[in-house]
Amino acid sequence: MAEQYAADDLVVLLGTPNAESSRLYAMTVTEGDPSWAGALAGVALGLPVYHVMEEPVKVQIAPEVYEEHVALMEMVLESADIAQAVQTVRTNTGQGV
Amino acid sequence: MQLQGKKIIALGERDGVQGSALAACARSAGADVVLETTYCFV
Amino acid sequence: MTQTLEQPVIRGVRFFLAHTPGLVRYGSKPSRDIARDATIATAISTHLRSYEAAMAYPPNRAFLGHCAPDTLTAMAQPWFAHAAPASRWGAHGEIMPEEEFYGLLKICDAFELVRLEAGFVEEVRAALALHPLLTTADLARLGPGMPEADIVAQCRKGDTLPLALRDGRLIGSMQSAHEEDASLGADVLLENLACKASAVMALRTLLAQEQLDPLAIPYVLNSGEEAVGDRYQRGGGNLAKAIAEMTGCAAATGVDIKGFCCGPVHALALAGGLVSARVFSQVAVVGGCALSKLGMKYRGHLQHDQPVLEDVLAAVAILVGADDGVSPRLRLDALGRHTVAAGSSQKAIFEQLVSQPLTQLGLRFGDVDKYATELHNPEVTEPAGSGNVPQLNYRVIAGLAALHKEITPAQVPAFVATHGMPGFSPTQGHIASAIPFLGHAVDGLRNGTFQRVMFLAKGSLFLGRMTQMADGMSLLLERNAAGTHEETL
């Protein structure tokens with residue numbers, strides 16, 4: 001699927017519930033993971049990856065949609081740690097912040 | 001980073017934000033969702 | 001117009017654990033990885049625990065009723081470092097060593113699919129003869145066994161799985177039932193037979209310890225995630241009847257209730273409805289183990305040089321019956337359902353599973369003494385990067401209570417500590433979903449420690465690729481106010 005669309009157009013959006021799994025997923029879609037199965041199998045994809053609770057993403061989502069689908073999880077999850085984890089992967093893989 | 005007009009790969013998790021929820025969020029921001037998945041690791 | 005609803009009760013609950021380090025290699029994740037890289041088998045084998053260690057493991061002890069799950073909170077981690085004195089039988093069941101479990105597989109095998117080496121058979125016959133729940137007829141089904149050379153020859157065939165102990169000793173084989181049918185492959189049959197055998201032991205334990213007459217059970221619901229069938233009917237099912245056959249429930253038939261990890265809670269609701277409507281006087285709900293989940297998180301454990309903790313198979317048996325004035329009541333008028341309309345919004349889902357049933361009964365979040373959610377042992381999941389699942393679920397419930405202004409956000413941790421519990425269940429799928437607390441809950445509701453316990457389970461339907469949705473179901477157990485048999489709606 002990564003071949004079907006222009007790299008510029010694709011963005012990965014995560015809904016992972018903790019910092020560690022967020023980091024792992026972010027690494028997988030940027031640097032790749034040989035043991036990954038399915039649509040993202042084993043390729044260094046270099047895709048931009050964001051978590052839905054990160055501020056730059058959140059502000060673009062319709063407030064009532066965010067409220068219904070994400071707000072409760074934002075309250076109970078370690079949102080700051082999650083955002084930090086994904087941001088760090090972007091920085092380390094040269095995506096900038 | 002603008003979501004508008006982008007193609008979104010929504011990787012949700014059952015106990016986090018699920019795939020369909022991510023998709024709804026992305027669409028409300030003017031993006032297209034090309035892959036919607038929810039994972040469960042237990 | 002008023003109706004009266006007879007609330008059914010939970011008459012008893014028992015569990016069964018089998019410690020099966022030799023079978024870890026046949027868990028889904030280990031078996032796929034070993035097929036790619038044979039050295040992984042060695043790495044796993046050097047990280048397998050002894051029976052004594054598995055028996056002493058605090059989460060397993062909590063699972064079998066030796067101690068309350070809350071006692072794990074004060075225990076220093078890693079829990080697997082604890083070498084407490086341990087015994088095989090807890091208040092709610094036993095942990096069986098792998099040698100005996102292999103014998104049990106043979107006993108439950110009606111098709112000569114399991115072959116055991118002759119010397120091993122004699123060793124295990126002696127051990128099983130001491131088991132309080134196995135009969136002479138059972139032991140006769142062990143047969144004489146086969147010469148080791150024959151077992152070795154069998155294992156050379158592509159469709160046969162070698163069966164070995166933790167130390168690598170080859171003790172038997174599992175074969176497929178049809179060379180052209182993937183649904184009857186050795187791996188599938190091994191998984192299904194383990195499911196059958198473990199559920200049989202859980203139900204035998206329940207029947208014996210609660211002094212129940214198996215002939216008085218008319219219906220058995222099995223709620224596991226195995227697929228029993230053949231190429232024309234891959235999920236044909238009704239393992240329940242096979243379990244009834246091996247537990248003396250000769251007056252019963254049964255059926256399988258399939259709902260991913262939510263199966264058992266659905267089955268309890270259905271069993272309750274049948275009893276309440278007086279279709280049956282009582283219904284047994286069982287759930288066998290999930291062999292495919294052995295070693296699921298092994299990579300995280302090896303990375304941290306820890307023992308492979310997913311080395312036990314777990315099963316449950318529950319009896320739902322008519323109100324006896326003492327057993328905890330199952331409030332059929334307060335079932336929570338994750339409906340299609342709720343979609344994938346966690347808020348909507350938890351409103352349906354928690355808020356709505358409570359509102360229906362005029363209760364607040366704090367009126368439930370304990371919530372039992374996904375109870376997966378975090379010591380298994382955290383090294384693999386999968387987080388602490390029970391804690392996450394409890395935080396969501398507490399978050400919902402905060403949204404409803406019953407508590408403040410700052411009170412969320414205290415709510416979690418009071419109304420939640422640390423995870424302690426083996427990651428055995430449907431077994432881990434709310435059900436592991438049922439034994440403790442029934443005890444506590446009988447003796448007055450608890451007034452109300454809510455069980456909420458979830459099912460990851462999306463894994464079957466037929467829907468993007470998940471599922472969930474909740475039910476409330478309450479202490480029986482003796483003398484009050486009916487609720488007026």
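The values are calculated or read from the model by the stated rules, or taken from the named source; none is laboratory data. These numbers come from a predicted model, not from an experiment. Positions of Cβ are generated from backbone atoms using ideal geometry, with glycine treated the same way; all protein chains shown enter the neighbour counts.
Below are the figures for this structure:
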quantity: Test: residue in the range C:371-387 that is at pLDDT 95 or above, surrounded by 18 or more Cβ atoms within 10 Å (Cβ to Cβ) and over 30 Å from C:LYS29 (Cβ atoms); calculated: no
quantity: Filter pass, C:GLY423 being modelled with pLDDT under 95 and in contact with a helix residue (DSSP H, G or I) (Cβ under 8 Å, 6 or more places away or on another chain); calculated: no
quantity: Candidate set: the range C:330-349, residues that are within 12 Å of chain B (Cβ to nearest Cβ) and without any contact (Cβ under 8 Å) to a residue 40 or more places away in the chain; chosen: the one surrounded by the most Cβ atoms within 10 Å (Cβ to Cβ); calculated: C:SER345
quantity: Candidate set: the range C:184-207, residues that are of a type in the set (Gly, Ala, Ser) and over 11 Å from C:ALA317 (Cβ atoms); chosen: the one surrounded by the fewest Cβ atoms within 10 Å (Cβ to Cβ); calculated: C:GLY185
quantity: Tally of residues being more than 17 Å from A:THR30 (Cα to Cα), surrounded by 18 or more Cβ atoms within 10 Å (Cβ to Cβ) and either of a type in the set (A, V, I, L, M, F, W, C) or within 9 Å of another protein chain (Cβ to nearest Cβ) (or both) across the range A:76-90; calculated: 2
quantity: Any hit, the range C:97-117, residues being within 21 Å of the chain's Cα centre (by Cα), of a type in the set (A, V, I, L, M) and not in a helix (DSSP H, G or I); calculated: no
quantity: Some residue of the range C:6-18 being farther than 24 Å from C:ALA202 by Cβ and crowded, with 16+ Cβ neighbours inside 10 Å; calculated: yes
quantity: Subset of the range B:1-18 [at the interface with chain A (Cβ under 7 Å from one of its Cβ atoms) and either surrounded by 24 or more Cβ atoms within 10 Å (Cβ to Cβ) or closer than 9 Å to A:LEU14 by Cα (or both)]; calculated: B:ILE8, B:ILE9, B:ALA10, B:LEU11, B:GLY12, B:GLU13, B:ASP15, B:GLY16, B:VAL17, B:GLN18
quantity: Filter result for the condition that a residue is modelled with pLDDT of 95 or more and closer than 22 Å to C:ARG25 by Cβ, over C:SER223, C:SER198; calculated: C:SER198
quantity: Test: residue in the range C:90-103 that is among the β-branched types (Val, Ile, Thr) and touching a residue at least 60 places away in the same chain (Cβ under 8 Å); calculated: yes
quantity: Residues located in the range C:19-61, provided they are more than 22 Å from C:VAL188 (Cα to Cα), under 21 Å from the mean Cα position of the chain (by Cα) and hydroxyl-bearing (Ser, Thr, Tyr); calculated: C:TYR51, C:TYR57
quantity: Selection from the range C:218-243 of residues that are among the polar types (S, T, N, Q) and in contact with a strand residue (DSSP E or B) (Cβ under 8 Å, 6 or more places away or on another chain); calculated: C:ASN222, C:SER223, C:ASN238
quantity: Positions within the range C:442-475 being out of contact with any Pro (no Cβ under 7 Å at 6 or more places or on another chain), more than 14 Å from chain B (Cβ to nearest Cβ) and crowded, with 20+ Cβ neighbours inside 10 Å, in sequence order; calculated: C:GLY444, C:PHE450, C:ARG452, C:VAL453, C:MET454, C:PHE455, C:MET473, C:LEU475
quantity: Hey, C:ALA269 among the small types (Gly, Ala, Ser) and assigned to a strand (DSSP E or B) or not; calculated: no
